[in-house]
Structures are given as C-alpha cells and as structure tokens.
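Below is one structure; the comments refer to it alone.
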Amino acid sequence: MPKIAVFPGTFDPFSNGHRDIVEKGLKMFDEVIIAIGVNALKKTMFPLEKRVEWIRNTYTNEPRVRVETYSGLTIKYCAEVNAGFILRGLRTVADFEYEKQIALVNSDQNHAIQSVFVLSEQKYTAVSSTVIRDLILNGGDYSLYLPQTVEVHTALPE
Ligand code: ADP
C-alpha cells in the first residue's frame, strides 16, 4: 500500500515555508495530498480557486503531489482518501503546543492515522501566511516568501 500523507491547511497564500514542508514530506511518503480546508465561517484573502490553481501550478512536474479541497474534519477526510498520515509543519514552540493538541484529539478520533511533524528550515521560521498577507496589504516586499507560481498580484483584493 502506498504511504499517503495529507498536508492540511488554509494556504492563504501557499508560501515557501509550506513548500519546504511538502518537499520534506515527499522524502517520507509516496504521495502528499495538499488539502485545502474549506470553512464557510473563515474569511480568506484569496479565493479558493486561486489558492488551488497556484498550488497546482507549483507542482505541475511532481506527480506525487495532489491538490484537493475538503470540508469537515481533517481526520475524516484522511480516512476517505486512505491517508495514513497527517503532515504538519513546526516553526516555533507555539506551533508545537497548538499542533500537539490537535494531534492528540485526532488520535482519539482515529487511532490508525498518525500525525507527523516536520521542522521548517531556519530561514522559513519567520514566514507565515498572516505576515505575507500583511505585507501584501501594506505594500511590503512579499516576493521573498512566495513560490513564483503563487501569483498573488493577479488576485489582489480591491
Ligand atoms: P492552518 O490554518 O491549518 O494553520 P496554514 O496554511 O497556516 O493552515 O498552515 C498549514 C501548515 O503549514 C501548518 O502545519 C503550519 O504549521 C505549516 N506552516 C505554515 N507556514 C510554515 C513555515 N513557514 N514553515 C513551516 N511550516 C509552516
């Protein structure tokens, strides 16, 4: 059976930090599904279609990466796509505390699915989608933090 990992997130937008985690995930798993969680109550800067398109464009030459959307519980989605693993990135101790809590609850919900944490490279520890959105809104240089395929300038809010 192929080892499939789901990398869930909002990816608003997908950053070099996210790409680093996917790259590391591909060394451990046969397939990584980048799964964009859709939550009607969560307002995002970029529309879902754009977030999907940009990530797909990032991995056109990587058949082991799939980009999908899902709603509802991540752990249920993982079971539906036969993923045995949830991949998450860790930047800081704060990330760890938050991720640990989610992972323990997920483990209670479905013990067969294992959460796996990957440390981001030092150079990406300061990168978050929140910081990138702030730079975008306020005229900062955000290009340092985004793959070239993530063409946020084509979808900037009015
Ligand atoms: P969520 O809303 O689920 O936190 P994000 O899109 O913000 O979704 O993040 C998805 C995953 O990517 C999380 O595991 C987060 O810790 C990780 N991540 C985000 N930015 C980075 C980064 N710069 N380096 C490593 N991991 C990151």
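The values are calculated or read from the model by the stated rules, or taken from the named source; none is laboratory data. The structure displayed is predicted, hence computed values, not measured ones. Here the Cβ positions follow ideal geometry from the backbone for every residue, glycine too, while neighbour counts run over all protein chains shown. Calculation scope for accessible area: heavy atoms of the full protein, side chains included, ligands and nucleic acids excluded. Shrake-Rupley method; radii C 1.70, N 1.55, O 1.52, S 1.80 Å.
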Checklist outcome for this item: So the carbon and sulfur contribution to the accessible area of segment 4-151, 1.4 Å probe, in percent, is 51 percent
Item to check | Extension gain from residue 99 to residue 111, taking 0.36 nm per residue of separation minus the Cα-Cα distance | outcome: 2.7 nm
Item to check | Filtered trypsin sites (Lys or Arg not before Pro), segment 28-69: DSSP coil and at most 13 other beta carbons within 10 Å | outcome: 42, 43
Item to check | Residues of segment 18-137: accessible area per residue with a 1.4 Å probe, Å² | outcome: 59 Å²
Next on the checklist: Using 10 Å bins from zero, what percent of all Cα-Cα pairs in the chain falls into each bin?
Outcome noted: 10, 40, 38, 11, 1
